[in-house]
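The next block holds one structure in the form of structure tokens; read it before the comments.
The values are calculated or read from the model by the stated rules, or taken from the named source; none is laboratory data. As the structure is a computational prediction, the values presented were derived from the model and not from experiment. Glycine gets a Cβ as well: all are built from the backbone with ideal geometry, and neighbour counts include every protein chain shown. The area values use the complete protein model at the heavy-atom level, side chains included, leaving out ligands, DNA and RNA. Shrake-Rupley method; radii C 1.70, N 1.55, O 1.52, S 1.80 Å.
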Amino acid sequence: MKYAAIMFDVVESRKYYDRYDVQNVLMGCVDYLNTIYEQGIKKKVVSSAGDEFQGLFFDLQAAFLYIKKLQLLIYPIKIRCGIGYGKIKYDVEEWTSSAFDGEVYYLARDAINAVKRKKSNVICFNTNSKYDRYLNEFCLSTQQIRLRQPQVANIIEIISDIMLPLKDSWEEISFYSWLLDNRYKLLEQEYWSMGYRRQESQEMPVINYEMLYENRNLYNAKKDDKLSFYMDEFWVRGMSTEIARIMNTSRQNIDRYIISARIKERRTRDKAIFDLLGEDIWKTI
């Protein structure tokens, strides 16, 4: 049986003068995702060495879902990730992911080594098949959209993912209150390291968490079994209005960020990659 292994590490972690804040956010998000996506996880994601983490998943879709959500949550922290797809040597229930070995981990290691010089949120797949170059090109083009994404646009994308997720999951809204409180510390460190003055730093948006809780999984993606040459836009009418209410701003302001940060385009590409990873071709390689 084949599994998907992920390995990731932090990019440019030294620019943060207090590494505790980085580790605190990373560990908190990893623990949270280990809980909400536990059905797709063979071995929980754990810290293996310093800023490096690894975990084992039942399939490629589950691994991609985890790492995409993690990239959203840990902003402005950036990570490089290698995803391998193959067999494991030993299946011992008591062992953690860091104790496992086998083809899937070798492939994940080769993948992350291939992107070591990248200084952005890069995902590299290594299924040891001819499809890797195409899949990785899709991922790279998706990441290019998010380069220099502002803080508000990231919050909008997080809220849209809670309202219309790639896959339905339980969400604990109190986690997001903790996350955004800790994110402010990271943003302050990043501004100082880049030479910005304190008064130039962005303030955290005000989020109505009670309203956000009510909007969990509010929308369902359109299901169309008819043959189509293009992906449907992964967005639902009315979402911008609800996001504006949650963030206590105007719909026009939300739409401005959605257009400038190309959020709809990015979400649609993520959905395309996610659906592709669910196709039967991966069962034949």
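Assuming ASN217 fulfils every condition listed in (1) open to solvent by less than 40 Å² (accessible area, probe 1.4 Å); (2) modelled with pLDDT under 90; (3) not in a helix (DSSP H, G or I) apart from one, which condition is it? The single condition ASN217 does not satisfy is (1).
Do we have any residue at all in segment 107-125 that's of a type outside the set (Val, Ile, Thr) and under 30 Å from MET211 (Cβ atoms)? Within segment 107-125 (the criterion being of a type outside the set (Val, Ile, Thr) and under 30 Å from MET211 (Cβ atoms)), the answer is yes, since at least one residue qualifies.
Screening the candidates ILE243, ILE254 for the property of being under 15 Å from LEU164 (Cα atoms), among the hydrophobic types (A, V, I, L, M, F, W, C), modelled with pLDDT of 95 or more and surrounded by 13 or more Cβ atoms within 10 Å (Cβ to Cβ) yields one hit, ILE243.
Can you report the number of residues in segment 257-285 which are of a type in the set (Val, Ile, Thr) and surrounded by fewer than 14 Cβ atoms within 10 Å (Cβ to Cβ)?
The qualifying residues number 4.
Kindly evaluate GLU38 against the criterion of being modelled with pLDDT of 95 or more and not hydrophobic (A, V, I, L, M, F, W, C). For GLU38, the condition - modelled with pLDDT of 95 or more and not hydrophobic (A, V, I, L, M, F, W, C) - is met.
Considering only residues of segment 75-101 that are of a type in the set (Phe, Trp, Tyr) and surrounded by fewer than 24 Cβ atoms within 10 Å (Cβ to Cβ), which is modelled with the highest pLDDT? Reasoning before the result, please.
Taking segment 75-101 and keeping what is of a type in the set (Phe, Trp, Tyr), we get 75, 85, 90, 95, 100.
Going one step further and asking which of them are surrounded by fewer than 24 Cβ atoms within 10 Å (Cβ to Cβ), we end up with 75, 90, 95, 100.
On the way: TYR75: 89, TYR90: 81, TRP95: 83, PHE100: 84.
Among those that are of a type in the set (Phe, Trp, Tyr) and surrounded by fewer than 24 Cβ atoms within 10 Å (Cβ to Cβ), it is TYR75.
Going through (1) loosely packed, with under 15 Cβ neighbours inside 10 Å; (2) outside any helix (DSSP H, G or I) one by one, ARG133 falls short only on (2).
Of all residues in segment 38-74, count the ones that are surrounded by fewer than 22 Cβ atoms within 10 Å (Cβ to Cβ) and among the hydroxyl-bearing types (Ser, Thr, Tyr). Going through segment 38-74 one residue at a time, the tally reaches 2. Of everything in segment 33-56 that is touching a residue at least 40 places away in the same chain (Cβ under 8 Å) and of a type in the set (Asp, Glu), the residue that is nearest to ALA4 (Cα to Cα) is GLU52. Within the group LEU187, LEU179, which residue is open to solvent by less than 20 Å² (accessible area, probe 1.4 Å), part of a helix (DSSP H, G or I), modelled with pLDDT of 80 or more and not basic (Lys, Arg)? Answer to the check: LEU179. Considering segment 139-176, and only residues there that are hydroxyl-bearing (Ser, Thr, Tyr) and in a helix (DSSP H, G or I), the residue that is farthest from GLY40 (Cα to Cα) turns out to be SER141.
Of the residues that sit in segment 102-130 and are buried (at least 22 other Cβ atoms within 10 Å of the Cβ) and farther than 30 Å from VAL92 by Cα, which one is modelled with the highest pLDDT? Per the criteria, the residue is VAL122. Considered as a group, the residues in segment 226-240 that are small (Gly, Ala, Ser) and in a loop (DSSP other than H, G, I, E, B) include one that is surrounded by the fewest Cβ atoms within 10 Å (Cβ to Cβ), and that residue is SER228.
Out of all the residues in segment 67-108, which are under 18 Å from ARG146 (Cα atoms) and part of a helix (DSSP H, G or I)? Passing the criteria: ILE67, LYS68, LYS69, LEU70, GLN71, LEU72, LEU73. Is it the case that TRP192 is at pLDDT below 95, open to solvent by 100 Å² or more (accessible area, probe 1.4 Å) and assigned to a helix (DSSP H, G or I)? Yes.
Going by what's in this entry, would ALA111 be described as part of a helix (DSSP H, G or I) and closer than 21 Å to ILE281 by Cα?
On the way: part of a helix (DSSP H, G or I): yes; closer than 21 Å to ILE281 by Cα: yes.
Spelling it out, ALA111 is indeed part of a helix (DSSP H, G or I) and closer than 21 Å to ILE281 by Cα.
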